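Data block below; observations after.
Computed from the coordinates by the stated procedures, all read-outs in this text should not be read as laboratory data. In this text, all values refer to a predicted model and were calculated from it rather than measured experimentally. Backbone-built Cβ (ideal geometry, glycine too); neighbour counts: all protein chains shown.
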Amino acid sequence: MEENNKPIVNLISKPKNMLKTVYTACRTCYSADYPINIFNSTNDEEKMLKLIERVISSGHYSTIEHIQVTFAISNVSRACTHQLVRHRHMSFSQKSQRYVKEKGQFDYIIPPTIEKNDELKAKFINFMNKISEQYQEFIDAGIPAEDARFVLPNAAASSLVASLNLRELIHLANLRLCTRAQYEIRTMVKMMCEALVAEEPWLKPYLVPKCERFGFCDEDKSCGRMKTREQLGF
Ligand SMILES: Cc1cc2nc3c(=O)[nH]c(=O)nc-3n(C[C@H](O)[C@H](O)[C@H](O)COP(=O)(O)OP(=O)(O)OC[C@H]3O[C@@H](n4cnc5c(N)ncnc54)[C@H](O)[C@@H]3O)c2cc1C
């Protein structure tokens, strides 16, 4: 993607002691000790990671729901955010097209396939300009923004604050880092994962496409990166 078309993604909130919190949740299930004692007495990272890996790979996912992270996201298309908001365990606050009137040319995202073709890019921009003019005519005529926005395209840029717990983030990464996911949401989710991994490197093995986590591809149209279930005979 062109830099000016790239999502802007920042991790703005995460708990302290993420690893220790998940470990305490895991250990509490198998210990007679009080959780607070487990929390206060543990600092061995290798030991914590070993238990966490065992618990997560056995599907005991409630242990990772205690961790909530928040991202500030901008410069993404409504086409992209529409896909993100399908994830039902996430919380969103998105720039409203009802309350925020577009002034002048609205911001929009040009897909790279169009961006790299000069002729098609010029047509795309021309079309956005026409939409902008029509939108402005409606606004000037006193049409409320909530109605004028009906002419705004999927390409219109948006901003949102998005929060989710670690279980949902792993699920999001597994689905949306897959090469079958659309390029823009894939780029955005990759940036979300990278921002968190920069601060919590132990999460790297979990924030991967589903084929890497499960060892096979379950997509109908596989990209060929991993063997499909059929190829593996199950
Ligand atoms: C490559 C790709 C292509 C897609 N194409 C289309 C498409 O053509 N059309 C379309 O409409 N959508 C499409 N989607 C969106 C997809 O159908 C899901 O809506 C989206 O990925 C959210 O996934 P989810 O439901 O697993 O996750 P989330 O909503 O994030 O939920 C996480 C998990 O919680 C559980 N869960 C959540 N809600 C319920 C519930 N009500 N009942 C039972 N369990 C629940 C499920 O286990 C679910 O996997 C596509 C997604 C991808 C990744």
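For Lys227, go through the aspartates and glutamates and keep the ones whose alpha-carbon is under 12 Å away, minus same-chain ones fewer than eight residues off.
Result set, ordered by chain and number: Glu212, Asp218, Glu219.
At R0 = 22 Å, how high is the FRET efficiency between Lys50 and Glu199 if r is their beta carbon distance? Nearest 0.05 is fine. Each step should come with its number before you reach the end.
On the way: r = 21 Å, r/R0 = 0.97.
Taking R0 as 22 Å, the efficiency between Lys50 and Glu199 is 0.55.
Any chance you could check the Cα centroid distance between the range 4-57 and the range 60-135 for me, in angstrom?
Here the answer is 32 Å between Cα centres.
Order 140-146, 119-125 from most to least packed using the mean count of other Cβ atoms within 10 Å.
119-125, 140-146
Is it possible to state the helix-based mean residue ellipticity at 222 nm for the chain, with each DSSP H run of 4+ residues giving -39500 (n - 2.57), the sum divided by total residues, to the nearest 500 deg cm²/dmol? What is it? Don't skip to the answer; put the middle values down first.
On the way: 11 runs with 106 residues, N = 234.
After summing the helix terms and dividing by the residues of the chain, the value is -13000 deg cm²/dmol.
Assign one of three labels to the range 100-155, namely rounded, prolate or oblate, based on the Cα gyration tensor with a ≥ b ≥ c the square roots of its eigenvalues; rounded applies when a/c is under 1.5, prolate when it is not and a/b is larger than b/c, and oblate otherwise. Can you show the working numbers first?
On the way: a/c = 3.23, a/b = 2.40, b/c = 1.34.
It comes out prolate by the Cα gyration axes.
Over the Cα atoms of the range 91-234, what Rg and Dmax result, in angstrom?
Reported Rg and Dmax, both Å: 20.0, 64.
Per residue of the range 220-234, what does 6.51 cos²θ - 1.76 cosθ + 1.60 with θ = phi - 60° give for ³J(HN,Hα)? Whole Hz please, x for Gly and Pro, Karplus curve as stated.
5, 9, 6, 7, x, 5, 10, 5, 7, 4, 4, 5, 8, x, 9
Among Ala155, Gln105, Ile131, flag the residue with its Cα farthest along the positive direction of the charge dipole of the range 100-155, charges on Cβ as +1 for Lys/Arg and -1 for Asp/Glu.
Ala155
Could you name the lysines whose alpha carbon sits less than 25 Å from that of Lys121, not counting residues in the same chain fewer than 8 places away?
Cα-Cα hits under 25 Å: Lys6, Lys103, Lys130.
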